[in-house]
Each structure stands twice: as C-alpha cells, then as structure tokens.
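Here is the structure we will look at, set down as structure tokens.
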Amino acid sequence: MLAGIIGAPNKGKSTLFSALTSTDVQIADYPFTTIKPNVGIAYITEKCPHVSLGLRACNPKNSGCINGIRQIPVKVIDVAGLIEGAHEGKGMGNQFLNDIAAADALIIVVDVSGRTDPMGNPCQNCDPSADIKMVLEELAAWLSDIIKRHIKDGSGEGLQGSLAKALAGLKVSDESIEKAVKNSGVSAVKSSFTDADLFSLAKAILSESKPFIIAANKADIGGHSDNLERLKKEYGGANVVACSAAVSLAVNKAVAQGIIEKGADGKIALLKKGIPEEQERAVSFIKDFIERNGDGVQTLINKVYLEVLNNIVVYPVEDEHRFTDHFGNVLPDAILLKKGGTALDLAREIHTEIAEKMLYAIDARTKMRIAKDHVLNDGDIIKIVSAAGKA
Ligand SMILES: Nc1nc2c(ncn2[C@@H]2O[C@H](COP(=O)(O)OP(=O)(O)OP(=O)(O)O)[C@@H](O)[C@H]2O)c(=O)[nH]1
Ligand SMILES: [Mg+2]
C-alpha cells in the first residue's frame, strides 16, 4: 500500500514527507521545489499489546516499539506541486500525476493559514478549499484523458473491459470500476462517449479508488480558524486534520539532537538545560503547539492507513502462552490487514503454504480456538495452526 502526498505548490508537502519519514528532502519557500518524487517509509502508531499484557518489553522485528507505542512501517510518496492545467503539462506537467498513479490513498495538503494561493505564491487571505477543488479537477481531467486515449468506440469489450485496460497500473480494482460506472450515471452500453461522460466517469473512478484526507497544514500560523471550520464543514470534520509539518519536523530534529524528549503520552519535555535563549523560545513554541493541538502529522498518517484504507493491525505469534515467535521474540511482527480480514487472511500474509494447510487459529489473549473464517479485530494476537512443514 502507498499513500500519496499531493497538493498545490508551496503548501508543505515535502516538509510533511520529511516529518513523516525522518529523511532530508528539499524544502523551500517557493513553488516547484520538488521535481522528482520522494518515496519513503513513515510509521503508523498504536499502543503495543505488550503493555496491556503486562509484559516488560517486546522484541519487534518488522516494526518498532518506542515507550510502549508500536511503530508500523508504511509507504508514502511526495510529488511535485500541482497547478491548474497540470494535466495539459502546465507547471511540472503530468509526470507527477503518473507518479501518484500507484497510490492507494491521497493526503491533500493545503495551507490553512491562507498565506499561499493555488499557484503557491504569497497571498493574504486565500481560501484553501479552492486548492482542493483544483486538485480534484486536475486529477479527474488527467484520468479522463487516460480513459479517452484507451476507449475505442465499438471495440466490443464493453465499457467495463475498456476501462479495466485503460486503468491497468492505476490501482483501480474491477469492483471499483463497476461501482464507478454505476455511480457516474453513464450508460455502459453506449458505443461512444462525450467529454462530459468521460469526466463523470473519471470523477466516479477517483472517488472509488483514490480516497483522500485533507492535511490543513501551517496551522502554527495563527488566524486560520475560519478556514479550518470551512474545510471541516465542506469535507467532514473527520476528513480534515489540522497540522503543522514544520513543527513536527522541528520536534523530530530536537529529539534527534537530545534537546527534547517525547513521552508515551506525546507530551514534550525539555532535556537539555542551558540551551541558547532563541532555541529555548523555539522549544517552548513547539511544546505549546503540540500540547494544544496534538501531533496532527501522526494523526494524519494513522487515519490514512487505518481509517481511509480500512486496515487493522494484528500480531501473529507461534507460542500463544509466551506471545513469541519460533526464536522467543515477543510480539515480533505487526501486520496490516484489511478490516473484515479473517484468520485465514492473516495466514496468507505470513506464508502461502501455511495458509493452504491451515487447520485453525488460536486467539492468544483468550487461548480459545478460532475458525479460519473468524474475522479479526485490531490488536488481536493470533497463532495460526497449520499442517505446513509437517510430514
Ligand atoms: N509555518 C509553517 N511553514 C511551513 C509548514 N510546512 C511547510 N512550511 C514552509 O512552507 C514552504 C514550502 O514547504 P515545502 O515543504 O517545500 O512545500 P511543497 O508543498 O513541498 O512545495 P513544492 O515542492 O514546491 O510543491 C517552506 O518554506 C516550509 O518551511 C508549516 O507547517 N508551518
Ligand atoms: Mg515539495
């Protein structure tokens, strides 16, 4: 799975990427700083089960655990800024649109302070929702161009078949195509399509296959409450996360330098005494911001993977009494599974043969036997019992 960070230029996409992935990328106060996409690993977080189990620690292998918080790696991509006409090659052109084709969900970054316009230039009181409309229109125009190039009138494949071919590589499932055709209101038995038909189809396909969440960034710049409220009203409160990528990035850097410490509750404490006054002021600003607003950047990535993409985290073990793998590692792996996923789906994530020869599973918390088709819950610890590897 992949989350794509997109938006108009100069909104803080690369700053957000850097804060999420702890990698240095180019960040600057002018449009089109990013040309080539940045791909990296971010971490979603949830309480590690070792805490509720009363274990002293865990030995994470495919993830991390900091202060009792499990850190589960996920992929993100940061692309060039998008302006009106991008699908026709304006700005950085449509290359970046191809860069995000592989994304399963999008984080649309806007400047909630209203200090940059949709071109990324300075502005006094710009409406960030204009950016979102522009981004969605451009995506739809790009997609409808792709569809147009592929759909041959009267090809005999039918609309659905042509769309499946046109959209290969764009992470659009057949199910999404079917739903989108229905929702677009475009007749599937037509033999030719108008531009308006294609645009409606593209919009419907996007809303099925590229769900998005809004990062109301630069929330550290005051006077943005009207913009934030408007965004929440228009796109739903749960889909808009106020954040400051710049503050989160500063927090990461200060933690790495041993200046501050982040507690299990997310609170920030000053570690180093006697730092220069200017640095102390900066620490006090970020501490204050995080205390008042929480860590929006972390909320964003958690929401994208857990809510927008509908995943849960489950922990497979081999020893249901000690919660370990074969080597005695406690809770070694945290696996992302689609909501509604079963014990058998988890087995498939571990190994094909283990899944093929799976007998049943055991819920390690209750020690109860569960069936292959048992639907798992977030935080479940599961032992898969399989005949695989046995004579
Ligand atoms: N105050 C404030 N400034 C920010 C924040 N995030 C980014 N910035 C600043 O905004 C400017 C643009 O940041 P970038 O991360 O380069 O923006 P971008 O969206 O990747 O820009 P392009 O690659 O040009 O499209 C830089 O000067 C950042 O320091 C934030 O949360 N708060
Ligand atoms: Mg950038």
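The table below gives the values:
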| read-out | value |
| --- | --- |
| Helix-only CD estimate at 222 nm, as mean residue ellipticity for the chain, using -39500 (n - 2.57) per DSSP H run (n ≥ 4) | -10500 deg cm²/dmol |
| Rg and Dmax [Cα atoms of the chain; Å; Rg one decimal, Dmax integer] | 23.4, 76 |
| Residues whose placed amide H lies under 5 Å from that of Ile382, excluding near-sequence neighbours | Tyr315, Val317, Ala364 |
| Qualifying trypsin sites (Lys or Arg not before Pro) for the stretch 36-77 [loop in DSSP, other Cβ within 10 Å: at most 12] | Arg56 |
| The stretch 311-386 shape via C-alpha gyration tensor axes, a/c threshold 1.5 | rounded |
| Per-q log10 I(q)/I(0), the stretch 45-133, q = 0.11, 0.14, 0.21, 0.22 Å⁻¹ (Debye; single scatterer per alpha-carbon; no solvent) | -0.55, -0.70, -0.98, -1.04 |
| Over 15 Å [Cα-Cα, the stretch 41-83], rounded percent | 49 percent |
| Lys273, Lys133 arranged by Cβ crowding within 10 Å, fewest neighbours leading | Lys273, Lys133 |
| Residue order, fewest to most surrounding Cβ atoms within 10 angstrom, among Cys65, Cys48, Cys58 | Cys65, Cys58, Cys48 |
| For the stretch 284-329 and the stretch 145-217, distance of Cα centres in Å | 34 Å |
| Extension gain from Asp226 to Glu356, taking 0.36 nm per residue of separation minus the Cα-Cα distance | 41.3 nm |
| More than 19 Å apart - percent of Cα-Cα pairs taken over the stretch 8-159 | 62 percent |
| Likely footprinting exposure, Ser129, Ser209, fewest C-beta neighbours within 10 Å first | Ser129, Ser209 |
| Mean Cα-pair separation over length for the chain, i.e. relative contact order, pairs under 8 Å, 6 or more apart, % | 16 percent |
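Laboratory data are not the source of any read-out in this text; all were calculated from the coordinates shown. None of the values given here were measured: they were computed from a predicted structure. Glycine gets a Cβ as well: all are built from the backbone with ideal geometry, and neighbour counts include every protein chain shown.
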